[in-house]
Amino acid sequence: MEMPKAYNPKEHEDKIYQSWEDNGYFKPKIDKSKKPFVVAIPPPNVTGSLHIGHALDNTIQDVMIRYNRMKGNPTLWIPGTDHAGIATQNKVEQRLAKSGKTKHDLGREKFVEEVWKWKDEYQGHIVGQLKKLGSSCDWSRLRFTMDKDYSKSVIEAFAHYYDKGYLYRGNRIINWCPRCHTSISDLEVEHEEELGSLWYIKYQIENGKDITVATTRPETMLGDTAIAVNPADKKFSDLVGKVAILPIINRKIPIVADKAVELEFGTGAVKVTPAHDPVDFEIGERHKLEKIIIIDEDGKMTKEAGEQFFGMDRFEAREAVVKLLDEGGWLTKVEPYSHSVGHCSRCHTVVEPLLSLQWFVSMEKIVVPAISVVKKSEIKFHPNKWKKVYLDWMDNIRDWCISRQLWWGHQLPVWYCECGKIIVSKEWALEELENVSRETKTRECPKCKSHKIERDQDVLDTWFSSALWPFATLGWPEKTSDLNYFYPTMFLATARDIIFLWVARMIMSGLEFMDEPPFKDVYIHATVFNKEGKRMSKSLGTGVDPLDLMEKYGTDAMRFGLLWQTAQGQDMKFGEDAILNGQRFANKIWNASRFVMMNLDDYKIVTRETIKDNLTKEDKLILDELEITIKQLEKYFSRYDFQHAVELIYEFFWHNFCDKYIEVAKIRIRKNDKTKSAAQYTLDKTLKDSLKMLHPFMPFVTEAIWENLNQKKPLIISDWPKYQ
RNA sequence: GGGCGAUUAGCUCAGCUGGCUAGAGCAUCUCGUUUACACCGAGAGGGUCGGGGGUUCGAAUCCCUCAUCGCCCACCA
């Protein structure tokens, strides 16, 4: 055999991966008598490429898959991507903008075609990255959340929720992004502490008195329809029921008593803008106040805000209002005030709370079993502290706004008749999915028989569809044998920022549609930060591209290095040192193997029994240590303790086997003494078992060596080593 | 405002339910080796384990407190 002195990943990785794939080793070897090991990989979205956190997700899942495969369990990893509604639409809009176009120039249909082109390009890119990472996915099952079959699942889910009465359409205060021009869910709002001002505004009261309120958003006073005070507040008790006069526009508004008002804050009196603040909305509901919309979907002032402000940007309007208040003597005080302001997680525009007609999922019932399975540890979080985080959120969950005013996504299977009837139709939606054109098919309102029916233009929140991933990818709602055999999955590795967005929603929908939790173990890995402790982000220029790392050090080195640094659940400041160490380790494994092979030329395969009398104490020691290592490694696997697993095997292989054992064995083999074949046996045995243990972590270098060892079966499907 | 976590060698971090001279990788220094590997080996230096207090025969490890940093959640205008 001719092995060069250094391991060169580039010579082996692609070739080996291809041969694994071609031989079908990534496909599950179905054995009905065994419980399959299935991972529920979070589908990366198609906006761009994988980042270092994804590299970690995928490495961990691949380690678990490879380990289980070697243990003889049927394994399945369904790869895929999600359509990431807002994010992808933004990307394509940006690309269009370069040629001076907007999506409106193209129209919805053409624009969506453009997005599909984008998707094809980036899905291919992501698939390439996953393969480069060594991920053992069953590529014949590649899924996308807008595939036709997947869309059927989404329609089914929506109709199911609707039939059960869990969906409703309502005018509520939602988070609106004026730039993305869509509603977003609470989870898509990022709160940031900002230094603003607290303006004190004095309102005249009809009886000649006055009342002062404090606000951080003076422009919203244009939409005020009341002033509220706490019912227990004695200093205002005589004012409740009186009428105040709104400055500038002279609207008469009542002073009401409402428990939502804090006694201590500001002046104890609050202006009420029911159309632009969630708390004010609630107050408005309780006191039957008018809701005046003064800010529109572009973040500009409406006609209702008054002629002089009409069309003005909301922040300009703030200045204008403040100026007028000041000039009119209504502004009594301004103080600097730090408060948190919501931003759109996709474009960072300040979110506008807006009264809007949207679809919601009622959480009241759905949340109950999803809490219970985690409480009862039918689903376990690793590390366990995330259990509390999950439960706290679930306990305080609010209804989920699922409609989005986007063009890219699953259009709601909802129609509205001119008579006002809302029609949720699976049948119609499926027809349109199959391209039955609207012209050839006349829809009729089941209530009034009218044909003037229009489909809702909105699409669903991407997470509504992602939440179905563990079973939609297996054919649900059809009762397929795949679904029967592979559901529920076992394991999920992901980042903590996705616990609510995705993990919680999968749990809820898994229980709702399958009556079984979608997975058993949720592993929340470390968040990767750069050396300065800042979040890795390509857009901020603080990211590291895993492809670059793999190019520079090799895939095995990167996988090893990432796991080496991954303390359970801790944040990790990423440094390339660990990856460099991984590269050295790969080389060490390569060279130790080279040594063993060079000294096995005259070795006739023997069993331990035949050479047992010639085993020296060093032989026995390393063979014992080998067994202990296998045993300990399995323990770490069962705890998902990858960092210690990697350290353990590194320590054993490098220091026990290479530094100590090989050095003694070397001498005996050269001297050609009677214990030579015992040494050869020990080298052979220890090397092979070590390669097996290393394979889940460093699949390429170990498989490349295995090829040189001329084994019958490739390492990827060889048997996991045994211990006594 | 609530919650979580961190603070251990120059750097990145291990140290489980308290117990031998506190460990690893990188970096530094010394020596060695060019017939598996210089992407090597042997060894060395370097830490009052954030501050203070407490429990204990004994604490990096448990409790209290302070400080600094980070993250998540949140409808006090």
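The values are calculated or read from the model by the stated rules, or taken from the named source; none is laboratory data. Values in this document were obtained by computation on a predicted structure and should not be read as measured data. Counting neighbours? That spans all protein chains shown, and the Cβs are built from the backbone with ideal geometry, glycine included.
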Among the residues listed as A:ASP577, A:ASP571, the single one being modelled with pLDDT under 85 and within 15 Å of RNA strand B (Cβ to nearest atom): A:ASP571
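Table: residues versus (1) charged (D, E, K, R); (2) closer than 20 Å to A:VAL367 by Cα.
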site: A:SER403; (1), (2): no, yes
site: A:LYS421; (1), (2): yes, no
site: A:TRP428; (1), (2): no, no
site: A:CYS448; (1), (2): no, no
site: A:SER509; (1), (2): no, yes
Where a residue in segment A:467-482 is in a loop (DSSP other than H, G, I, E, B) and its partner, wherever it lies, is among the hydrophobic types (A, V, I, L, M, F, W, C), with Cβ under 6 Å and at least six apart: A:ALA467/A:MET506; A:LEU468/A:ALA157; A:THR473/A:ILE78; A:LEU474/A:LEU483; A:LEU474/A:PHE486; A:GLY475/A:LEU483; A:TRP476/A:LEU483
Scope segment A:238-289; condition among the hydroxyl-bearing types (Ser, Thr, Tyr) and within 38 Å of the chain's Cα centre (by Cα); matching residues: A:THR273
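If you check A:SER362, A:SER372, which single one turns out to be more than 22 Å from A:ASP163 (Cβ to Cβ) and among the hydroxyl-bearing types (Ser, Thr, Tyr)? Working first, answer last.
Values: A:SER362 fails: more than 22 Å from A:ASP163 (Cβ to Cβ).
Exactly one of A:SER362, A:SER372 is more than 22 Å from A:ASP163 (Cβ to Cβ) and among the hydroxyl-bearing types (Ser, Thr, Tyr), namely A:SER372.
Within segment A:365-376, which residues are part of a loop (DSSP other than H, G, I, E, B), out of contact with any helix residue (DSSP H, G or I) (no Cβ under 8 Å at 6 or more places or on another chain) and not basic (Lys, Arg)?
Step one: of segment A:365-376, the residues part of a loop (DSSP other than H, G, I, E, B) are A:365-366, A:376.
Then keep just the ones that are out of contact with any helix residue (DSSP H, G or I) (no Cβ under 8 Å at 6 or more places or on another chain); that gives A:365, A:376.
Passing the criteria: none in range.
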Subset of segment A:365-383 (residues that are touching a strand residue (DSSP E or B) at 6+ places or on another chain (Cβ under 8 Å) and over 20 Å from A:ASN396 (Cβ atoms)): A:LYS380, A:HIS382, A:PRO383
Filter pass, A:GLU297 being in contact (Cβ under 8 Å) with a residue 12 or more places away in the chain, away from RNA strand B (no atom under 15 Å from the Cβ), exposed (fewer than 15 other Cβ atoms within 10 Å of the Cβ) and of a type in the set (D, E, K, R): no
Checking A:ILE245 against (1) under 21 Å from A:ILE293 (Cα atoms); (2) among the β-branched types (Val, Ile, Thr); (3) surrounded by fewer than 17 Cβ atoms within 10 Å (Cβ to Cβ); (4) out of contact with any Phe, Trp or Tyr (no Cβ under 7 Å at 6 or more places or on another chain), the condition it does not meet: (4)
Filtered residues of segment A:346-364 (kept if assigned to a loop (DSSP other than H, G, I, E, B), touching a strand residue (DSSP E or B) at 6+ places or on another chain (Cβ under 6 Å) and surrounded by fewer than 18 Cβ atoms within 10 Å (Cβ to Cβ)): A:THR349
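Only residues that are part of a strand (DSSP E or B) and within 10 Å of RNA strand B (Cβ to nearest atom): list them for segment A:228-249, please.
Within segment A:228-249, A:ALA228, A:VAL229 meet the criteria.
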Test result for A:ALA260, near RNA strand B (Cβ under 8 Å from one of its atoms), within 21 Å of A:LEU198 (Cβ to Cβ) and without any contact (Cβ under 8 Å) to a residue 60 or more places away in the chain: yes
Some residue of segment A:381-400 being buried (at least 16 other Cβ atoms within 10 Å of the Cβ), within 19 Å of the chain's Cα centre (by Cα) and more than 16 Å from RNA strand B (Cβ to nearest atom): no
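Is at least one residue of segment A:42-53 of a type in the set (A, V, I, L, M, F, W, C), out of contact with any Ser or Thr (no Cβ under 6 Å at 6 or more places or on another chain) and farther than 29 Å from A:HIS382 by Cα?
No: zero hits.
Residues of segment A:665-683 being among the hydrophobic types (A, V, I, L, M, F, W, C) and more than 10 Å from RNA strand B (Cβ to nearest atom), which ones?
A:ILE667, A:ALA678, A:ALA679, A:LEU683
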Where a residue in segment A:686-714 is among the small types (Gly, Ala, Ser) and its partner, wherever it lies, is in a helix (DSSP H, G or I), with Cβ under 7 Å and at least six apart: A:SER690/A:PHE653; A:SER690/A:PHE657; A:ALA704/A:HIS12; A:ALA704/A:ILE16
Residue count, segment A:340-380 (criterion: within 15 Å of RNA strand B (Cβ to nearest atom) and either touching a Ser or Thr at 6+ places or on another chain (Cβ under 7 Å) or aliphatic (A, V, I, L, M) (or both)): 8
Flag for A:THR225 being within 12 Å of RNA strand B (Cβ to nearest atom), in contact (Cβ under 8 Å) with a residue 60 or more places away in the chain, hydroxyl-bearing (Ser, Thr, Tyr) and closer than 23 Å to A:THR302 by Cα: no
Any chance A:THR542 is modelled with pLDDT under 95 and over 18 Å from the mean Cα position of the chain (by Cα): yes
Matching residues in segment A:620-658 - criterion: being touching a residue at least 60 places away in the same chain (Cβ under 8 Å), near RNA strand B (Cβ under 10 Å from one of its atoms) and part of a helix (DSSP H, G or I): A:GLN643, A:GLU647, A:TYR650, A:PHE653, A:TRP654, A:PHE657, A:CYS658
Test: residue in segment A:259-271 that is under 26 Å from A:HIS339 (Cα atoms), in a loop (DSSP other than H, G, I, E, B) and β-branched (Val, Ile, Thr): yes
Test: residue in segment A:171-187 that is in a helix (DSSP H, G or I) and touching a strand residue (DSSP E or B) at 6+ places or on another chain (Cβ under 7 Å): yes
